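Q: Pasting a structure here, questions to come.
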Amino acid sequence: MSDIGKVLVLEQRAEWFAEALAEQCPGYRFLPATTVDAAMALAGEAEILVGFAPAIPARLVAAMPRLAWLQAVTTGVDNLLTMPELAPEVALTNCGGIHGPQMSEMAILMMMALPRRFPEMLENQKARHWERWGQPILEGKTVCILGLGAIAEVLAARCNAFGMRVTGVSDGRSEAPGVSKVYRRAALEEAAAEADFLVVLVPYTPETHHIAGERVFRAMKRSAYVINIARGACLDEAALIAALEAGEIAGAGLDVFAREPLPADDPIWAAPNTIVTPHIAGFSDIYLEQTMPVLVKNFAVYAAGGTAALPLIPHGG
């Protein structure tokens with residue numbers, strides 16, 4: 001019997017998580033489940049739930065009367081923040097801070113591929129068509145990062161290595177490593193106007209709903225690009241499509257969308273000069289290993305001080 005508590009792990013790789021955590025977190029009993037139905041059968045006896053936040057349904061939370069702590073293996077916990085079944089007294093934590101490398105690389109991939117018209121090159125390869133054109137480089141370009149959290153710091157360092165000038169937009173801080181100038185959100189249009197790339201990295205809140213919209217796109221240079229790797233609703237998709245079709249901006253790289261999976265009939269698929277990826281910017285081939293230090297630390301903190309000692313995320317419940 002566990003000395004601390006039983007932990008329900010709901011994840012496609014639940015067995016891996018359970019075994020790895022059991023080795024490093026003594027005193028807990030880990031109950032792996034790869035499906036919601038399997039988790040429901042174990043829900044009544046667990047005090048702790050570990051899982052991929054978007055895949056945690058309300059019915060599972062409601063079926064856990066002993067739940068004291070929910071640990072997401074993602075950074076985003078949007079669906080949990082206002083879930084009525086998640087009582088306010090239940091501790092909520094995430095794996096924030098681990099996504100910097102993969103999300104930064106996705107942003108840079110898009111910043112390189114869009115100006116170079118790389119998708120067009122791939123189409124030419126399929127058609128066995130030889131055509132050459134000038135290849136824009138990142139050196140000397142300005143990238144404006146909307147939202148200056150931990151991921152933005154990683155991205156700024158990588159952009160600096162390419163010889164780029166980095167600016168940022170934030171109401172929470174006036175400076176950040178590798179960022180030459182920080183604008184307030186009220187000056188977003190001014191910041192966007194000087195940028196060659198606008199990278200949306202701001203968390204989604206009511207205040208950031210459609211923060212990148214018509215006025216921002218109109219302020220941007222016709223040669224500039226928008227990249228969204230934050231949340232779909234941070235960007236006004238209709239306004240973006242209109243700006244792309246009117247040639248007000250040069251293109252867009254989109255990894256997140258207001259509706260996911262992106263429906264086959266959504267006009268974004270056919271938007272001019274747009275790269276669409278299926279919400280994969282946060283993924284990596286070492287994602288499990290990336291989450292482990294956060295989980296192990298939090299389990300140690302919980303064992304020593306209970307939920308009050310955890311790095312809590314406020315939620316409405």
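Q: Residue by residue through segment 7-32, note down the ones that are open to solvent by 30 Å² or more (accessible area, probe 1.4 Å) and free of Cβ contacts under 8 Å to residues at least 60 places away in the same chain.
A: If the condition is that a residue be open to solvent by 30 Å² or more (accessible area, probe 1.4 Å) and free of Cβ contacts under 8 Å to residues at least 60 places away in the same chain, then Gln12, Glu15, Glu19, Ala22, Glu23, Pro26, Arg29, Pro32 are the ones that fit.
Q: For segment 253-274, check the following and say yes or no: at least one residue is of a type in the set (S, T, N, Q), out of contact with any Cys (no Cβ under 8 Å at 6 or more places or on another chain), within 27 Å of Arg13 (Cβ to Cβ) and open to solvent by 20 Å² or more (accessible area, probe 1.4 Å).
A: No, because not a single residue in segment 253-274 is of a type in the set (S, T, N, Q), out of contact with any Cys (no Cβ under 8 Å at 6 or more places or on another chain), within 27 Å of Arg13 (Cβ to Cβ) and open to solvent by 20 Å² or more (accessible area, probe 1.4 Å).
Q: It is to be established whether one or more residues within segment 83-103 are open to solvent by 30 Å² or more (accessible area, probe 1.4 Å), of a type in the set (Asp, Glu) and within 23 Å of the chain's Cα centre (by Cα).
A: no
Q: On the given criteria, is Thr93 among the polar types (S, T, N, Q), at pLDDT below 95 and within 25 Å of Pro311 (Cβ to Cβ)?
A: Criteria not met by Thr93.
Q: A further question on this structure: Where residues in segment 33-75 are open to solvent by 30 Å² or more (accessible area, probe 1.4 Å) and among the polar types (S, T, N, Q), which of them is farthest from Leu295 (Cα to Cα)?
A: Thr35
Q: Given the conditions (1) in contact with a helix residue (DSSP H, G or I) (Cβ under 7 Å, 6 or more places away or on another chain); (2) at pLDDT below 95; (3) among the small types (Gly, Ala, Ser), and given that Gly253 satisfies all but one, which numbered condition is not satisfied?
A: Going through the list (1) in contact with a helix residue (DSSP H, G or I) (Cβ under 7 Å, 6 or more places away or on another chain); (2) at pLDDT below 95; (3) among the small types (Gly, Ala, Ser), Gly253 breaks only (2).
Q: Right, something else. Would you check which residues across segment 272-317 are within 25 Å of Met110 (Cβ to Cβ), among the β-branched types (Val, Ile, Thr) and free of Cβ contacts under 8 Å to residues at least 60 places away in the same chain and list them?
A: Thr274, Val276, Ile286, listed by residue number.
Q: Please work out which residue is surrounded by the most Cβ atoms within 10 Å (Cβ to Cβ), limiting yourself to segment 212-250 and to residues that are of a type in the set (Lys, Arg) and in a helix (DSSP H, G or I).
A: Per the stated criteria, the residue is Arg218.
Q: A follow-up question, please. Criterion first (in contact with a Gly (Cβ under 8 Å, 6 or more places away or on another chain), under 20 Å from Ile108 (Cα atoms) and not in a helix (DSSP H, G or I)) does Val199 satisfy it?
A: Answer is no for this residue.
Q: Would you mind listing the helices (runs of 4 or more DSSP H) fully within segment 98-191 where at least 3 residues are out of contact with any His (no Cβ under 9 Å at 6 or more places or on another chain) and either β-branched (Val, Ile, Thr) or under 29 Å from Glu207 (Cα atoms) (or both)?
A: Answer list for segment 98-191: 100-116, 150-161.
Q: While we're on this one: Would you confirm whether or not segment 281-304 contains a residue that is open to solvent by less than 50 Å² (accessible area, probe 1.4 Å), in a loop (DSSP other than H, G, I, E, B) and more than 20 Å from Gly97 (Cβ to Cβ)?
A: Checked segment 281-304: no residue is open to solvent by less than 50 Å² (accessible area, probe 1.4 Å), in a loop (DSSP other than H, G, I, E, B) and more than 20 Å from Gly97 (Cβ to Cβ).
Q: Can you tell me which residues in segment 44-56 are free of Cβ contacts under 8 Å to residues at least 60 places away in the same chain and in contact with a Lys or Arg (Cβ under 9 Å, 6 or more places away or on another chain)?
A: Passing the criteria: Gly44, Glu45, Ala46, Glu47.
Q: If we scan segment 100-107, do we find a residue that is without any contact (Cβ under 8 Å) to a residue 24 or more places away in the chain, over 24 Å from Leu31 (Cβ atoms) and of a type in the set (D, E, K, R)?
A: Taking every residue of segment 100-107 in turn, none turns out to be without any contact (Cβ under 8 Å) to a residue 24 or more places away in the chain, over 24 Å from Leu31 (Cβ atoms) and of a type in the set (D, E, K, R).
Q: Can you pull out every residue in segment 113-154 that is under 25 Å from Lys221 (Cβ atoms), polar (S, T, N, Q) and open to solvent by 20 Å² or more (accessible area, probe 1.4 Å)?
A: Gln135
Q: What is the residue count in segment 189-211 for residues that are more than 27 Å from Thr74 (Cβ to Cβ) and either open to solvent by less than 30 Å² (accessible area, probe 1.4 Å) or not acidic (Asp, Glu) (or both)?
A: 5
The values are calculated or read from the model by the stated rules, or taken from the named source; none is laboratory data. Model, not experiment: these values are computed from the prediction. Ideal geometry is used to build each Cβ from the backbone, glycine not excepted, and the neighbour counts take in all protein chains shown. With ligands, DNA and RNA removed, areas are computed over all heavy atoms of the protein, side chains included. Shrake-Rupley method; radii C 1.70, N 1.55, O 1.52, S 1.80 Å.
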